1. Would you kindly state how much longer the chain becomes between Asp70 and Met44 on full extension, computed as 0.36 nm times their sequence separation minus their alpha carbon distance, in nm to one decimal?
2. How large are Rg and Dmax for the chain when calculated on the C-alpha trace, in angstrom?
3. At R0 = 41 Å, how high is the FRET efficiency between Cys16 and Asp84 if r is their beta carbon distance? Nearest 0.05 is fine.
4. Any idea what the dipole of the chain comes to, in debye rounded to 20, about its Cα centre with Lys/Arg Cβ at +1 and Asp/Glu Cβ at -1?
5. Given the peptides 11-17, 25-31, arrange them by the average over their residues of other C-beta atoms within 10 Å, most packed first.
6. Do you know the relative contact order of segment 1-94, to the nearest whole percent, from alpha carbon pairs under 8 angstrom that are 6+ apart?
7. Looking at the chain only, what percent of DSSP beta bridges run antiparallel? Nearest 5 please.
8. Sticking with the crude label model, points 7 Å out along Cα→Cβ, report the distance from Leu93 to Ala56 in nm, one decimal please.
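Here, each number is a calculation from the coordinates, and none is a lab measurement. Here the structure is a predicted model, which is why all the values come from computation and not from measurement. Virtual Cβ from ideal backbone geometry, glycine too; neighbours counted across all protein chains shown.
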Amino acid sequence: MESAPRKLFLKSLSSCELPCTIWIQGFIVKSSLTECTIADGTAMCQIFKGSSLDAAIGSYVMVIGVLEEDYVVRADQLVDISRDADRIPGWWLEVFDANRFLGR
């Protein structure tokens, strides 16, 4: 059984044992047809998606996927959540709470 994705800030990706299922959020700062780079204010991360990206540079996205070697994420889901302004400050609280609860 696969475990639930870990909610993380990008700077914390190096603490994961690879491969690791993760849930991250951030702004797209660089983009091509099937990959992008996101930033969350703590670090940046490269995301690969098997199909076309549905979000543009500047979009705030949620990514659920597998963190692989070289700290690249293979995205299973990449969703543009820019329209929900409460997601940005709420994400910081969710990550702090999840890691405090799990003792990480």
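1. Between Asp70 and Met44, full extension yields 8.1 nm more.
2. Values for the chain (Cα only, Rg and Dmax): 12.9, 38 Å.
3. Once the sixth-power term is evaluated, E becomes 0.95.
4. 220
5. Top to bottom by mean Cβ count within 10 Å: 25-31, 11-17.
6. 26
7. Taking every DSSP beta bridge with both residues in the chain, the antiparallel ones total about 80 percent.
8. 3.1
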